[in-house]
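K.L.:
Mind looking over this structure? Questions follow.
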Amino acid sequence: MRITGTGHASMRIDTGAGSILCDPWVNPAYFASWFPFPDNSQLDWETLGDVDYLYVSHLHRDHFDAAHLKRFISKKATVLLPEYPTSQLEDELRELGFTSFFKTKSNEVHELDGGLKIMIQALISPTDGPIGDSSLWVEHDGVRVLNQNDARPTDLSTFAELGHVHAHMLQFSGAIWYPMVYELPTSAKTAFGKQKRDRQFDRTWRYIDDLKADHVFPIAGPPCFLDDELWQFNDIFGDEGNIFPDQSVFMAEYAKVGGTNGVVLLPGSVSELTTESIETTHPTDVDEFFANKKAHLEEMRERKAPIIAAEKASWRHPEIDVLGELKKRIEPLLEESIYLAKGVGGPVRFDLVSYDGDAIESIVVDFPGKQVRPYADEKVRYRFRTQRELVEHLIFIDEGDWVNSLFLSCRFSAARIGQYNEFVYAFFKCLSEERLQYAEGWYDEHEKAVEAEDTHFGEWTVQRRCPHLKADLSRFGIVEGNVLTCQLHGWKFDLPSGRCLTSVGHKIRAEKTGS
């Protein structure tokens, strides 16, 4: 099996029974904030895109690059489609010209032509990607590969049961806006960032230990930030709170915990994999490349500046009545929302900064009142501040997922009182009838599920599955004092009361039974 690195979470897998291209991303994403690093735009995409199969793990725009898919990827390719609860991924791929789809069943092995076997595990909670994320397992001629990309399954036992895995590709770096955009003192932001960075690595080590593959490939990050306004997010300043460590940092940290089987894929790197060995060649010296990371980023910044400028010029739509259009789009969803509206539990404020930066229009999405209205000087627990033209553009393109656009762009600042509230972000992922109804149904089923199985931590008996996304706490849970932490997503619970310390809701069942 040959694995060719094509940047970020993307790779081409070649076997004797066919080729699979995974998650090709080249064009900037999220309001021209994210770019692939190292740069992959100069690869021979005409050749790389001539494949038998295409796998797009989910709709995040650093995995689903519509312009690139349309221009470079063969429309003769058969799409390996995850089993998602909505048809949006298939619909968008059909709009780009793809016509052949192999619809998989989650966690079911499918045999394709020539003895090529694949399995796709689809994650379908409202907080997994934009209504879904997935992992791809591939086997041919005894060689097995798991492309986990940035999916976070509760465990990897489903894959391990299919036989020993020879190559494991997984995320290790950050892919979110926290804590960088929060209006916090620098010292607090650094401390929270360091906690998140450490937690990212801890989760990665656990996944690696679960699967025990022969070779581990760090993929799916980090992006780079080439706009001057976002340049500080690149991990080139020695900031221990930066959540975007690169592959060279992964290799150093992995070595500290005894890891000796890491393999870096640059764009254009090729790994020849057998059941017994691996040989990897690179287009340039890996250590030297990352030693000169800042220079590479500066060269990219200069080269990509016209692309960023052109994107920025397209965002302003002064003809749009932002308040009126938001009322038209969001109020019907608020009327239909039960679980999400109750979960948010209060008004959420958006401060829109005018083109010249002098004026601010404050708009409230009032979840209890089921309306969008001007801010009325009331107390809010969540506040977002961004440029007016970004919201104008979201309205202009009828964007149904503000998380997978505005929030991931990091082109905003935020403040909150109290705990993180996942329902805020779940709602703003679901600005369409189909998505909202699915999310409401998921939370309804989740709320009513009876969790009977237990696990034990010393003198504590605790429900085995995390109330957040049902991670197996016997694998991911640790207890310090009376606080249980689920290391899959870092959620914390006070065991005596069962209260979630990380977010609103999600009480855990726990009782002290003696040691």
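K.L.:
Which of the strands (runs of 3 or more DSSP E) contained wholly in region 442-508 include at least 1 residues that are under 20 Å from F201 (Cβ atoms) and either at pLDDT 85 or above or polar (S, T, N, Q) (or both)?
P.N.:
In region 442-508, 477-480, 483-486, 491-494 are the strands (runs of 3 or more DSSP E) which contain 1 or more residues that are under 20 Å from F201 (Cβ atoms) and either at pLDDT 85 or above or polar (S, T, N, Q) (or both).
K.L.:
Additional query: Can you confirm whether P222 is part of a loop (DSSP other than H, G, I, E, B) and under 22 Å from the mean Cα position of the chain (by Cα)?
P.N.:
When the stated conditions are applied, P222 passes them.
Residue-wise test of (1) touching a strand residue (DSSP E or B) at 6+ places or on another chain (Cβ under 7 Å); (2) open to solvent by 10 Å² or more (accessible area, probe 1.4 Å).
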{"position": "K196", "(1), (2)": "no, yes"}
{"position": "Q200", "(1), (2)": "no, no"}
{"position": "I208", "(1), (2)": "yes, yes"}
{"position": "K212", "(1), (2)": "no, yes"}
{"position": "A220", "(1), (2)": "yes, no"}
{"position": "W231", "(1), (2)": "no, yes"}
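K.L.:
Anything in region 248-265 that is open to solvent by 10 Å² or more (accessible area, probe 1.4 Å), part of a helix (DSSP H, G or I) and touching a strand residue (DSSP E or B) at 6+ places or on another chain (Cβ under 6 Å)? List them, or say none.
P.N.:
Across region 248-265, the qualifying residues are M251, Y254.
K.L.:
Okay, next question. Check D210 against each of (1) assigned to a helix (DSSP H, G or I); (2) under 19 Å from the mean Cα position of the chain (by Cα) and name the one condition it does not meet.
P.N.:
Unmet for D210, out of (1) assigned to a helix (DSSP H, G or I); (2) under 19 Å from the mean Cα position of the chain (by Cα): (2).
K.L.:
Give the residues of region 452-489 that are within 17 Å of S125 (Cα to Cα) and open to solvent by 10 Å² or more (accessible area, probe 1.4 Å), sorted by residue number.
P.N.:
Correct list: R465, P467, H468, L469, K470, H489.
K.L.:
Being touching a residue at least 60 places away in the same chain (Cβ under 8 Å) and open to solvent by less than 20 Å² (accessible area, probe 1.4 Å): is that true of V364 here?
P.N.:
no
K.L.:
May I ask you to verify whether T284 is open to solvent by 70 Å² or more (accessible area, probe 1.4 Å) and either among the β-branched types (V, I, T) or in contact with a Leu (Cβ under 6 Å, 6 or more places away or on another chain) (or both)?
P.N.:
Answer is no for this residue.
The values are calculated or read from the model by the stated rules, or taken from the named source; none is laboratory data. All values reported here derive from a predicted model rather than from experimental measurement. Positions of Cβ are generated from backbone atoms using ideal geometry, with glycine treated the same way; all protein chains shown enter the neighbour counts. The protein model used for the area step is the full one, side chains on, heavy atoms only, and it has no ligands, DNA or RNA in it. Shrake-Rupley method; radii C 1.70, N 1.55, O 1.52, S 1.80 Å.
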